[in-house]
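> One structure is given below, represented as structure tokens, and several questions about it will come after.
The values are calculated or read from the model by the stated rules, or taken from the named source; none is laboratory data. Model, not experiment: these values are computed from the prediction. Heads up, the Cβs are rebuilt from the backbone with ideal geometry, glycines too, and the neighbour counts pull from every protein chain shown. In case anyone asks, the SASA skips ligands and DNA or RNA and just uses the protein heavy atoms, side chains included. Shrake-Rupley method; radii C 1.70, N 1.55, O 1.52, S 1.80 Å.
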Amino acid sequence: MDQLTEHFSGPLLFSYVWWVLHQAVHMRIGRLYFLARDGCLLREMAEQFCRSCRLPIECRYLYCSRMALRTPCCHLIGDEAHDLLLLGGYRVSLRSLLDRVGLEDSERQEVYRECGLVSRDKDVLLPEKELALVRRLLRGSETYRRAVGRRSREAYPAAMGYLRQEGLFDGATVAIVDSGWTGSMQRSLRQLLQSGGYAGRIVGFYFGMYAPPKSPEDGAYFTWFFSGRDHLLRKIPFNNNLFECLLSAPHGMTAGYREERGTYVPVCLPCTEGYRQTVRRQMARVLRYTQRRLETLDFGRFHGKALLKESEKIVSRYMAHPTREEAVAWGEYLFCDDVTDGYLLPLADASQTAMLKNYAILRRICRKLAGRPAQAAAELYWPEGVSAFLPPARRLWYRWNIYVWELLRYVLH
């Protein structure tokens with residue numbers, strides 16, 4: 001892992017943090033909020049930069065998650081709330097959809113009855129067509145809609161109290177730092193702040209964005225590695241799931257907030273001590289790397305093009321073409337894409353190789369033409385990593401299929 005830190009995670013994250021701070025200095029931003037959990041390591045790296053380079057920037061850590069910010073928003077945003085609550089994913093079942101709302105068992109039974117879903121297996125993963133049907137049924141359930149509104153109104157006071165306590169209403173600009181992808185966290189944050197009377201602007205710094213901002217009123221989005229429809233050749237080899245594992249934090253997901261004797265505190269889901277120790281070791285390695293680089297760094301000599309070129313090589317080599325040893329090292333990290341963090345599965349391991357057949361380009365084209373998307377269970381978090389467990393010829397074949405499909409998907413989108 002020391003070698004991987006030296007050649008992969010260390011330089012990739014170092015360049016990103018340097019860019020964020022360089023942008024903040026240029027824009028005269030005095031405070032940055034690093035969003036949990038991806039911002040935990042990034043914030044500690046940024047603090048090392050600020051101490052070493054004497055930067056006038058305060059780096060704060062904001063406990064939050066998609067669930068913690070979306071739940072108190074739901075009663076404010078109408079049908080958009082249901083669009084967010086009923087999003088697809090790698091492993092979506094009827095039970096996981098209702099877990100996002102936190103329904104009591106009696107409420108669940110009433111929703112099942114209203115939707116005609118009493119006899120359905122609640123844990124079966126939903127293919128896209130069935131998920132579309134379940135979405136329509138849940139949207140039409142009065143019990144479901146009332147529960148969403150009630151949970152949202154209950155969560156709102158503590159969420160707003162925490163944001164005020166952390167100083168997000170204090171200045172004319174709120175600047176946040178995160179990994180990126182869709183920008184939904186910034187949108188939810190804007191909706192909450194606006195509902196509390198905040199009239200300033202929000203600025204977000206992201207490693208990459210797959211989609212353009214939903215609305216100009218959500219603020220400015222600045223990206224380092226790729227954005228929207230641009231930088232196609234950077235997106236194809238990049239794996240955002242692996243990137244999030246590089247940024248693991250030694251605490252569970254923020255599920256919400258509560259008040260304790262006049263102070264608002266985050267409520268985090270539990271995680272094991274073994275997980276914490278693993279993450280802390282990973283963070284310590286990156287922080288040691290950062291400290292070594294800072295000893296000879298001239299902060300003002302920021303050469304963005306050269307750093308981006310270096311990052312492109314790193315991403316292509318370690319994300320798209322990992323060795324078996326590298327896939328073992330990073331593949332053991334547990335990942336979940338659902339807002340509830342309701343399950344955790346290895347990022348990549350040898351047991352997943354059978355699912356690579358779903359990544360053969362001819363199968364994918366046939367499924368697309370026939371309108372039969374693969375079930376969520378067939379999706380891999382890091383297919384290039386899984387392919388590392390195959391013999392060289394088959395490994396090369398599947399990686400070629402993955403690459404071509406991604407190229408077609410982005411070009412034809």
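> Would you say Ala132 is in contact (Cβ under 8 Å) with a residue 60 or more places away in the chain and of a type in the set (A, V, I, L, M, F, W, C)?
Judged against the criteria, Ala132 is not a match.
> Based on what the data block shows, is Gly161 open to solvent by less than 60 Å² (accessible area, probe 1.4 Å) and at positive phi?
No.
> To continue, here is another question. Which members of the stretch 345-359 meet the condition of being in a helix (DSSP H, G or I) and open to solvent by 20 Å² or more (accessible area, probe 1.4 Å)?
Scanning the stretch 345-359 gives Ala350, Ser351, Gln352, Thr353, Ala354, Met355, Lys357, Asn358.
> State all residues of the stretch 143-190 that are in a helix (DSSP H, G or I), touching an Asp or Glu at 6+ places or on another chain (Cβ under 7 Å) and not hydroxyl-bearing (Ser, Thr, Tyr); if no residue qualifies, say none. Talk me through it step by step, then tell me what you get.
At the first step, the residues of the stretch 143-190 found to be in a helix (DSSP H, G or I) are 143-165, 184-190.
Subsequent filtering for residues that are touching an Asp or Glu at 6+ places or on another chain (Cβ under 7 Å) retains 143, 147, 158, 161, 185-187, 190.
Scanning the stretch 143-190 gives Ala147, Ala158, Gly161, Met185, Gln186, Arg187, Arg190.
> Kindly evaluate Gly167 against the criterion of being of a type outside the set (Lys, Arg), in contact (Cβ under 8 Å) with a residue 60 or more places away in the chain and on the phi > 0 side of the Ramachandran plot. Before you say what the answer is, go through the steps one by one.
Details: of a type outside the set (Lys, Arg): yes; in contact (Cβ under 8 Å) with a residue 60 or more places away in the chain: yes; on the phi > 0 side of the Ramachandran plot: yes.
Here the answer is yes, as Gly167 does meet what is asked.
> Exactly one of (1) closer than 30 Å to Leu98 by Cβ; (2) touching a helix residue (DSSP H, G or I) at 6+ places or on another chain (Cβ under 9 Å); (3) free of Cβ contacts under 8 Å to residues at least 40 places away in the same chain; (4) not basic (Lys, Arg) is unmet by Cys336. Its number?
(2)
> State whether the residues of the stretch 109-118 include one that is touching a residue at least 40 places away in the same chain (Cβ under 8 Å) and open to solvent by less than 20 Å² (accessible area, probe 1.4 Å).
no
> With (1) open to solvent by 20 Å² or more (accessible area, probe 1.4 Å); (2) more than 26 Å from Gly256 (Cβ to Cβ); (3) at pLDDT 95 or above as the list, and Pro216 as the residue in question, which single condition is left unmet?
The single condition Pro216 does not satisfy is (3).
> Then there's this: Among the residues that make up the stretch 238-258, is at least one of them assigned to a loop (DSSP other than H, G, I, E, B), over 21 Å from Leu307 (Cβ atoms) and in contact with a Pro (Cβ under 7 Å, 6 or more places away or on another chain)?
For the stretch 238-258, residues assigned to a loop (DSSP other than H, G, I, E, B), over 21 Å from Leu307 (Cβ atoms) and in contact with a Pro (Cβ under 7 Å, 6 or more places away or on another chain): present.
> If you don't mind, there's one more thing I want to ask. For the stretch 248-262, check the following and say yes or no: at least one residue is closer than 25 Å to Gly89 by Cα and open to solvent by 50 Å² or more (accessible area, probe 1.4 Å).
Step one: list which residues in the stretch 248-262 are closer than 25 Å to Gly89 by Cα, which gives 248-256.
Then drop every residue that is not open to solvent by 50 Å² or more (accessible area, probe 1.4 Å), which leaves none.
Within the stretch 248-262, none of the residues are closer than 25 Å to Gly89 by Cα and open to solvent by 50 Å² or more (accessible area, probe 1.4 Å).
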